[in-house]
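Visitor: Below you'll find the structure I mean.
What follows is calculated from the coordinates using simple rules that are stated; it is not laboratory data. Please read all numbers here as calculations on a predicted model, not as lab measurements. We place every Cβ from the backbone using ideal geometry, glycine too, and count neighbours over all the protein chains shown.
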Amino acid sequence: MNRFLILVLIAGATFLLILFAVRPDLISNIWLWFVGLAGVIVKLFQWLTGYFKKLLNPPQDNKSVIAGTSVTETKHQETVTENDTFEGVTLYLLRYYDDGKTTVGLLLVNHKFYCYTLEDTYHKQKIAGETRIPAGTYAIRFRKEETPFTKTMRQRYPGWFTWHLQLQEVPCFDSIYIHNGGDHTDTEGCILVSDRLTIGEGNTTLTHSRETFKRLYRWLSEKLYDNIPVRIVVKDENWMNNLK
C-alpha cells in the first residue's frame, strides 16, 4: 500500500518536472490542472477513507452489534439511524470552484463521483438568470406541466424525455432543473451535468453533456416512476475544509 502511493507520487512529480521544463509558461496556471483532476482526487480520497476505516474499525460480530455492549457502538448506531431516515436516492453536489461567472462542482451518486456540474456564479443579491441557487437539500420531482421548454426538450430528445427534473422549494428561485448545456449562459440558475469539463481563462465549458444528461435522466426517471423519493444535497465550496 505505502509502496504503491510512493510510486504514484514519484511518477507525478517526475511528470510535473518534465512538463515545467518544456512549458514553463504553465507554472502560473498550474491551479487549472488541479481543478481538472478534482474528480480523480475525490475518488482517491473516498477509497483511502474506506480502506483506513476498515483497518481501524474491524466489523463486530452480530452479538456485540445487537447488544450494543460499549458506548462507542451505541453512539455509532444512533448516528446511522439519524442519517438514514431518508429512504430514497440522495445526490450530492459539491461545489469547488467559482471564477466569477461560473461555478463548477462534482456530482456524487451513492457517495461515488458521477460527473461534473456547472452553474452560475455566486451573488449575494440575486441577479436574474446569472445566480446559482443557495446551498441546501432539495427534493427532486417531475414538473408535469406543458411548458414551452418541456416541448422543446421532448422534440430534442424523443423517446426518453417526458418531464423536467425540478428541484423543489428553492428559496427565491423557480423552475430550477437538472439538464444539459455548454456553459453558464445555458444555466439561468439550473444545474448542468457532463462527464467532460474544460476550464480556461476565458470561459468554462462542458462537452458530451447530452450523453451524461440522458444517462442520469433515465436512471432518475426510473426511480421517480417507481415512487422512490429523490433529493439533492448542494454544498458550497467550504465543504473542502473538512478534508484538511
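Visitor: Take the Cβ-Cβ distance between residue 215 and residue 111 as r, set R0 to 22 Å, and report the resulting FRET efficiency rounded to the nearest 0.05.
Guide: With R0 = 22 Å, the Cβ-Cβ based efficiency is 0.75.
Visitor: What trypsin sites (Lys or Arg not before Pro) in the stretch 129-222 are in a loop by DSSP, with at most 15 other Cβ atoms within 10 Å of the Cβ?
Guide: Answer in residue order: 144.
Visitor: Which FRET efficiency value, to the nearest 0.05, is calculated for residue 195 and residue 125 with the Förster distance at 30 angstrom and r the Cβ-Cβ distance?
Guide: The calculated FRET efficiency here is 0.35.
Visitor: Within a Cβ distance under 11 Å of residue 105, other residues only, what is the Lys/Arg minus Asp/Glu net charge?
Guide: Result for the neighbourhood of residue 105: -1.
Visitor: Give me the one-decimal nm value for the distance between modelled label points at residue 174 and residue 87, 7 Å along each residue's Cα-to-Cβ direction.
Guide: According to this spin-label approximation, the distance is 3.5 nm.
Visitor: At a 10 angstrom cut-off on C-beta neighbours, averaged per residue, how do the peptides 112-118, 97-103 rank from highest to lowest?
Guide: 112-118, 97-103
Visitor: If you don't mind, another one. I'd like the FRET efficiency for residue 101 and residue 160, computed as 1/(1 + (r/R0)^6) with the beta carbon distance as r and R0 of 35 Å, rounded to 0.05.
Guide: Plugging the Cβ-Cβ distance into 1/(1 + (r/R0)^6) gives 0.65.
Visitor: What is the spin-label model distance, in nm, from residue 225 to residue 183 if the labels are put 7 Å beyond Cα along the C-beta direction?
Guide: 3.6
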